[in-house]
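Worksheet for the structure shown next.
Please treat every number below as a calculation from the coordinates, not as lab data. Just so it is clear, the model here is predicted, and its values are computed rather than measured. Because the Cβ atoms are built from the backbone with ideal geometry, glycine has one as well, and the counts that use them run over all protein chains shown.
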Amino acid sequence: MSELPQEAYSTMALVLRVGLALALAVLLGALATYLARYTSITPDQLIQNNPIEGYISPQGLVNGLLGLHSEAFMTLGILVLAVTPIARVFTGLWYFRKAGDRPLAWVAFTVLMLLLIGFFIIGPVVR
């Protein structure tokens, strides 16, 4: 087992920063576009209508993005935000395996599996 190089920590931090910045940019742009389009909508109406509901499925998201619907871009921003920690854990797993740190690789693998199960199995069932 060897010490992780500084590059590993820098890369893992970069994954988090880029994911957060990308999600924030997409969400803010989509929200600004949505609010500009629907100037008379109240917060209660927004919550009651759930504008992203039609874009949660993969097909709905793709169709919405191709149609340039701001609601689809809000959904994409949320998806990027949710995937960011998963990408960070995957990056950690890769570096731990590369360094031969089996215990931490197993921890990262377990966390990755739990995140993926929550994201792809439990999340859709609860929805």
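Here is how the numbers come out for the structure above:
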read-out	value
For the chain, calculated [θ]222 nm from helices alone, where every DSSP H run of n ≥ 4 adds -39500 (n - 2.57)	-25500 deg cm²/dmol
Total formal charge among the other residues, if their Cβ is under 15 angstrom from that of N49, Lys/Arg +1 and Asp/Glu -1	-2
Loop GluC sites (Glu not before Pro), segment 1-92 (other Cβ atoms within 10 Å of the site Cβ: 15 or fewer; DSSP)	E3
Packing-based order for 33-43, 54-64, using average beta carbon neighbours within 10 Å, highest first	54-64, 33-43
Check: the chain dipole with +1 on Lys, Arg Cβ and -1 on Asp, Glu Cβ, in debye	220 debye
